[in-house]
Structures are given as C-alpha cells and as structure tokens.
Amino acid sequence: MPSFYEFFAGGGMARAGLGDGWRCLLANDIDAKKAASYAANWGGEHLRVTSVGDLTPADLPARADLAWASFPCQDLSLAGEYAGLKGERSGTFWLFWSLMKALAAEQRAPSAIVLENVCGALTSHGGRDFAAIGAALVDAGYRFGALVADAVRFVPQSRPRLFIVAVGGDHPVPDALALSAPDPLWHPSNLAGAYQKLSRASKDAWIWWNLPAPPPRAAAFADLIEDAPEGVAWHTHAETARLLSLMSAVNRRKVEQAKKLRRRVVGGVYRRTRLDERGNRVQRAEVRFDDIAGCLRTPAGGSSRQSILIVEGSKVRSRLLSAREAARLMGLPESYRLPANYNEAYHLAGDGLAVPVVRFLAEHILEPLLAAGCARDKEAA
C-alpha cells in the first residue's frame, strides 16, 4: 500500500481522493478549524496542527512514497495582488521545500511529489515563480511535469487547477505515462507558454504527463441543489428583487430567457465589482444557466459567496449555496462531516481540492508510477 504525507491538508480532500488504498503517515495544516474537520473525518493520529515551517524531519515518520502539497494560492492570484512566491502565504512553499530537502539529506526523499495551486502560478511574475519551482525540483534530483485539470470534467463546477507532478530522477517512468509533445486536453496554452520560459536544465527534466480523457460528467449543477437546505434560508421576495436589480441588461435577459423555458432552471450567481458605462466601480450580480456552478471561492480577498437562482416560469427564488451543496461541488461524499458553522464549512470547501480530480491523477499517474518503482525494486532483490 503506497504511503503519503499531506501538507496544507485542510479538510483532507487529497486524502479523500487518494482513497483507502493509500496510507497516511502525516497530515499537516496550520488552521485549527480546518484541522478539526480533518480529525472529525480521518482521526487525529497522524495530524500535526502547526506551521509547516515548524516541522522537522523527526516529525515525519518513515519514508513516504508521495508528498502532496496544496500550498496557499492567495499570492498567486488577484486576491493577493500577485505577490507570488515572495508573498507571506504562497511563500510557505519554500518552508515546505526546506523540509523536503532535509528529508533528502536523510535519504528519505519521497519518490513522488505533487504540488497543486491556481493556474496563476504559471504566469506569476512573468513565469519566474513557476520556473523557480521547477529549478528547485531539478536541483533536488527530480524530473517533473505539469498539467491543468478543470474539475468541471468531473463535477459541475468550473475549477481549473495546476498540478505539478515530480518523480525521483532514478525512478522508472513507464512509457505509457509520458508523451513526446503536449496534449491540449491537459497542457493548455498557458502551460505550454510557461514551459518555454523554463531553464534548459528544467526542460531536460520535463515530462509531458499522459492521461486519458475522463468519462463524461454525470451530474449537472441542478442535481446537487436541495429544496430544503440546512444552514441557509431562502431569500425574501425583496432580497431576490435586490439581487436581480444588481444585474446588467445582459444578465437580466438570461433570467427572462430562463422563465420562458417553463421548467425548473438553476443558475449560479456571484456578486462582482465592475466598471459601469461612466467608468464607476459598481456591484453587479452575474448569473450562469449552463448547469455549471462558478468556481467556489472563499470570502478572503473580497470574493463573494456563491448564490443560486432558481427560475420556474415566472417564479424566481434565490439564496446562498448551502455548505452541503458546496461539498458536493467538490466531490465530497454525503458521509463527509462538515463544520456546524456555515462560514467555516463554506471556507473549507472553497479552499479545498476537487476529490474526483485527485482520484483521477492517482489512478492514471501516481499509482502506475509507484507500481513501476516497486516492480523494479523486486527485480533488483
């Protein structure tokens, strides 16, 4: 059974995606509230609630096959004003990396490392942050590649994320896992552009990871919505009217078109600050009726919580997305225990990983990759 360390673990969504066929050796997060959810679902035996910078190799048992790190994304996005890897939050990557180098000095470097973040990591500081991560991996003896996976292929939520997958330089990589050229399905233009800005050493160590196309997504946004949700209430008529009043003419037309369908239509709504025709900053409500939710975001950095709009003929209702609905959009099972507090539960989901994406990567890259190493070791023995 392959083993793993899970850093910046949140509520354990990487663990949920890896599944029961994997053994957790250590989970770490600095946020006590998220750690409480982790313990509620997975137990606290291997959980360390502290900064990754406070961990030492002595805190990490044995030698893990995989280290998973979904390091903070804020400084790689607009919310953090693109401070990049020098920012206070996203800069914690270097604290994690110091720990990995310390493990390597003890001959306990993980065979594989997965780094997950927003796609802004590809272009932050003109691509220099992505190049710095690549250089760090190569300097430590890893080969690596990256891919962009949008959760919308698995769950009805638009959520593209960057996954950097690294493997020890002497670890066998089966031919079926590597391509000779990028696949647009997993290697879009922003990733291809970031690759071009890498150093020669990083390009020499690069792997274009090969994944199959996922099966068609089964669920639509409306399938996950509850008529009687817990923790949130339906808006009053006045509150719904206020939400509609914040819409531009384009978005109001979407609502009118939904009314004409004479059936139940569910849309996701975000409030955003936009410039009006006079250049003034105004709040707008933007709705989409394509059976896909907008990307879940946390309130940090000025992002609003997602609302839903249900149109049934002339009847229009609205409310906040419930915590359980948010968890479903992340692919978490109904058995997953959410915090009782709505804000904490929503924040947990918005900061998390789409579970089916992790499972897909584990099935098609990580597990075959580690199995190849085990097969080699058996032959050597």
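Angle of helix 367-380 to the longest C-alpha principal axis of the chain, folded into 0 to 90 degrees and rounded to 10: 10°. Of the residues Ser180, Cys24, His235, the one whose Cα sits farthest toward the positive end of the charge dipole of the chain, with +1 on the Cβ of Lys and Arg and -1 on the Cβ of Asp and Glu, is His235. Between Arg274 and Glu239, what FRET efficiency comes out of the Förster formula 1/(1 + (r/R0)^6) with R0 = 22 Å and r the beta carbon distance, rounded to 0.05? Efficiency, from the Cβ-Cβ distance: 0.60. For segment 180-197, putting each phi into the Karplus relation 6.51 cos²θ - 1.76 cosθ + 1.60 with θ = phi - 60° gives couplings of 8, 8, x, 9, x, 4, 10, 10, x, 4, 5, 6, 4, x, 5, 4, 5, 8 Hz, in residue order, rounded to whole numbers and with x for Gly and Pro. Normalised by the number of residues in segment 233-321, the average gap of Cα pairs under 8 Å and 6 or more apart makes the relative contact order 35 percent. Rg over Rh for the chain works out to 0.99, using Cα positions for both radii and the Kirkwood form for Rh. Were the residues from Leu179 through Glu230 laid out at 0.36 nm apart, the gain over their Cα-Cα distance would be 13.7 nm. Site pair Ala218 and Ala201 shows an inter-label distance of 4.7 nm when each label is modelled 7 Å from Cα along Cα→Cβ. Among the lysines of the chain, pairs at least eight places apart or on separate chains and with Cα atoms under 28 Å apart come to 12.
Pairs of Cα atoms nearer than 8 Å and 6+ residues apart set the relative contact order; for the chain it is 16 percent. Mind running the shape call on segment 167-290? Use the C-alpha gyration tensor, a ≥ b ≥ c as the square roots of the eigenvalues: rounded below 1.5 for a/c, prolate if a/b tops b/c, oblate otherwise. Here segment 167-290 falls in the prolate category. Charge dipole (Cα centre; +1 on Lys/Arg Cβ, -1 on Asp/Glu Cβ; no other charges) of segment 233-321 amounts to roughly 120 debye.
Which value at 222 nm does the chain reach when only helices count, each DSSP H run of 4 or more adding -39,500 (n - 2.57), with the total divided by all residues and rounded to the nearest 500 deg cm²/dmol?
-8500 deg cm²/dmol
Before anything else, pin down the relative contact order of segment 193-289: Cα pairs under 8 Å, at least 6 apart, normalised by residue count, whole percent. Kindly include the intermediate steps, with their values, before the conclusion.
Numbers: 59 pairs, mean separation 22.1, N = 97.
Once divided by the residue count of segment 193-289, the mean separation gives 23 percent.
Phi-derived couplings, Karplus 6.51 cos²θ - 1.76 cosθ + 1.60 at θ = phi - 60°, listed residue by residue for segment 263-276: 8, 6, 10, 10, x, x, 10, 10, 8, 10, 8, 10, 8, 7 Hz, with x used for Gly and Pro. Coupling constants for segment 32-49 follow from the phi torsions by the Karplus curve (6.51 cos²θ - 1.76 cosθ + 1.60, θ = phi - 60°), and in residue order they are 5, 5, 5, 4, 4, 5, 4, 5, 5, 9, 10, x, x, 4, 10, 8, 10, 9 Hz; glycine and proline get x. Reducing segment 309-380 and segment 129-182 to their Cα centroids gives an inter-centroid distance of 20 Å.
Bear in mind these aren't lab numbers, they're just calculated from the coordinates by the rules spelled out. All of these numbers come straight from a predicted model, not from anything done at the bench. Every residue, glycine as well, gets a Cβ built from its backbone with ideal geometry; the counts of neighbours run over all protein chains shown.
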